Amino acid sequence: MNLKEEKMAAAPVGKLMLSMGVPMIVSMVLQAVYNIVDSAFVSNMQTGGEDALNALTLAFPLQILMVAVSIGTGVGTNVLIARSLGQKNSELTNKTAGNAVLLGAAIYVVFLIFGLFGAKPYIDSQTDTALISEMGTDYLKICCVFSFGMSMFAIFEKMLQAAGHSLCSTIAQILGAVTNIILDPILIYGWLGFPEMGVKGAAYATVIGQIVSFVSAILFHLKFNKSIRIKAKHLKSSLKIIGAIYSVGVPAIIAQALISVMTYGMNLILKGISENMVTAYGLYYKIQQFLLFAAFGMRDAITPITAFSYGMGDSGRIKECVKLGHLFTAVIMLAGCAALEIFAVPFAEVFGLSGETKALCVSAIHIISIGLVFAGANIAFQGVFQAVGSGIGSLIVSICRQLLFVFPFALLFADIARNDPKMNWLLWAAFPIAEILTAAAAIIIWKKISAKKNLNRRFTSE
């Protein structure tokens with residue numbers, strides 16, 4: 001057992017979770033930077049700023065789907081590698097890593113094809129405005145065609161995290177985000193002699209930043225990740241390993257993809273009321289991403305630590321992971337909720353909003369943010385469920401919070417708003433209601449999993 005593995009096995013859970021979690025939180029929050037920075041810059045273009053912002057909002061659900069498939073595959077890889085390290089099975093560790101690299105390449109090919117042939121029909125399904133369609137199609141096509149940086153970074157990021165090198169993955173993410181931020185105004189506005197590219201510039205800045213992160217992660221992996229050594233023989237596909245990755249990964253993918261489904265569905269519902277509501281909701285969701293992705297970062301610390309403990313058969317350590325994971329996540333979400341409530345108006349003004357759109361965005365911030373603490377609890381439970389091999393439990397939580405409980409209330413409140421425009425704000429209440437109901441369901445699921453897997457006493461690794 002090397003030093004990193006000893007740390008995972010014996011270090012105090014709270015200290016370990018914070019030391020791993022803080023870099024992961026920074027890493028995940030920086031993922032949210034890509035889209036929101038693009039939105040901030042394009043919204044302040046001299047001409048067509050609000051149309052450009054709307055175009056990026058329409059592309060957003062598909063971008064989330066791309067992230068979902070990549071990160072979900074990475075999550076499955078993370079859990080299987082962390083568990084095999086806990087079991088001291090180096091051959092399984094390396095085979096898992098090799099198969100994950102193959103999967104990352106396959107994911108890229110799928111989205112490359114979509115970018116070439118599916119981007120325009122997808123954007124056109126959400127708007128009848130020619131300029132918005134053109135901008136959205138250009139942006140999304142570039143993001144898909146050059147998405148290999150994102151899909152491959154997700155794999156190497158999770159390999160680094162699974163072996164305890166979360167700081168390396170964070171540095172790689174920071175390098176990509178900084179690259180994106182620097183390039184955005186240069187390519188969008190045509191600074192430093194570059195041509196003014198508008199939304200195309202935002203897309204190129206994004207994919208270049210993702211490629212920088214990917215290359216950095218590979219270099220860190222080769223230099224520091226001694227627990228994982230991928231050789232040619234490990235790049236041979238194994239249905240058993242791929243199945244094991246996706247036994248956790250598919251629920252994680254669906255969990256993330258449901259964000260895409262929910263956002264796309266809400267765009268269609270809100271379009272029936274006004275274009276301003278679509279823009280306000282899309283912008284709020286990008287602002288909210290910083291908090292949700294912070295919770296995802298904490299989840300990504302909870303998952304490998306809990307999975308390692310599960311591999312060792314230490315139920316006491318698992319319970320400590322659950323308790324502290326929820327505590328730390330709650331603190332993050334409470335702080336974030338307070339910030340959103342206090343600075344709602346300045347956040348909306350950063351994107352140049354005014355009039356009705358600004359008012360709708362501010363009301364969304366005030367109302368939806370009420371449910372963020374419950375959202376954090378639900379995300380933490382998902383990490384725990386994944387770690388102990390209950391991908392289905394994680395999937396159920398995702399379906400509840402992003403589909404089952406949201407849309408019935410959204411449709412009901414939309415009908416009220418169409419009859420009385422002054423009640424538009426009621427639509428935002430669907431989100432905190434869904435989070436509260438889901439938290440209750442998650443507690444019930446965890447109690448059943450604990451009983452089924454005998455997590456209330458020491459057990460033998462399965």
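Readers should treat all values here as calculations from the given coordinates under stated rules, not as data from a laboratory. Note that the structure is predicted; figures quoted are calculated from it, not measured. Quick reminder, even Gly has a Cβ in these numbers, built from the backbone with ideal geometry, and neighbours come from all protein chains shown.
Exposure proxy ranking for 358, 158, based on other Cβ atoms within 10 angstrom of each Cβ and starting from the fewest, stands as 358, 158. In plain terms, the chain from residue 323 to residue 454 could stretch by 45.4 nm, reckoned as 0.36 nm per residue minus the Cα-Cα distance.
If you put +1 on each Lys and Arg Cβ and -1 on each Asp and Glu Cβ, how big is the dipole of the chain around its Cα centre, in Debye rounded to 20? Please report the intermediate quantities before stating the final value.
Values: 33 positive and 24 negative charges, 500 e Å.
So the magnitude is around 2400 debye.
Over all directions, the projected convex hull of the C-alpha atoms in the stretch 11-449 averages 19.9 nm² in area. Our coupling estimate for the stretch 376-390, obtained by passing each phi through the Karplus curve with A = 6.51, B = -1.76, C = 1.60 and θ = phi - 60°, is x, 4, 5, 5, 4, 4, 4, x, 5, 4, 4, 5, 9, x, 9 Hz, Gly and Pro reported as x. Only Lys, Arg, Asp and Glu carry charge here, each on its Cβ (+1 for the first two, -1 for the last two); on that basis the stretch 1-128 has a dipole of about 740 debye about its Cα centre.
Considering the convex hull of the alpha carbon atoms of the stretch 189-311, report its projected area averaged over all viewing directions, in nm², one decimal.
Values: hull surface 50.5 nm².
In nm², the orientation-averaged hull projection of the stretch 189-311 is 12.6.
Taking each residue as 0.36 nm, the span from residue 196 to residue 418 lengthens on full extension beyond its C-alpha to C-alpha distance by 75.9 nm. Footprinting exposure proxy ranking of 326, 165, 234, fewest other C-beta atoms within 10 angstrom first, gives 326, 234, 165. For each pair in 200/422; 323/452; 88/158; 15/95; 120/422; 236/453, compute the distance between the two Cα atoms and list the pairs where it is over 27 Å. Table pairs above 27 Å Cα-Cα are 200/422; 15/95; 120/422; 236/453. Listed values for the stretch 45-53 are Karplus-derived 3J(HN,Hα) couplings in whole Hz (6.51 cos²θ - 1.76 cosθ + 1.60, θ = phi - 60°), namely 5, 4, 10, x, x, 5, 5, 5, 4, and x replaces Gly and Pro. Computed about the Cα centre, the dipole magnitude for the stretch 309-462 is approximately 780 debye when only Lys and Arg (+1) and Asp and Glu (-1) carry charge, each at its Cβ.
Projecting the Cα positions of 28, 239, 130 onto the charge dipole of the stretch 11-449 (unit charges on Cβ atoms of Lys, Arg, Asp and Glu, taken about the Cα centre) puts 239 furthest along the positive direction. Length gained on full extension, residue 236 to residue 392: 53.4 nm, using 0.36 nm per residue less the C-alpha separation. Helical content of the chain, expressed as a calculated mean residue ellipticity at 222 nm, amounts to -28000 deg cm²/dmol (DSSP H runs of 4 or more residues, -39,500 (n - 2.57) each, divided by residue number, nearest 500). Sorting 315, 398, 238 from the fewest to the most surrounding beta carbons within 10 angstrom yields 238, 315, 398. To test your reading of the geometry: what angle, between 0 and 90 degrees and rounded to tens, separates the Cα axis of helix 148-162 from the longest principal axis of the chain? Compared with the principal axis, the helix lies near 40 degrees. Under the criterion of Cα pairs below 8 Å and six or more residues apart, the relative contact order for the stretch 361-462 equals 37 percent. Which listed residue (445, 190, 411) has the Cα farthest towards the positive end of the charge dipole for the chain, taking +1 on Lys and Arg C-beta and -1 on Asp and Glu C-beta about the Cα centre? My answer, from the dipole projection, is 445. By definition, a body whose alpha carbon gyration tensor gives a ≥ b ≥ c is oblate when a/c is 1.5 or more and a/b is not larger than b/c, and the stretch 8-107 fits this oblate description. The phi torsions of the stretch 111-122, fed into the Karplus equation with coefficients 6.51, -1.76 and 1.60 and a -60° offset, translate into couplings of 6, 4, 5, 4, x, 6, 10, x, 4, 5, x, 5 Hz, rounded to whole numbers, with Gly and Pro shown as x.
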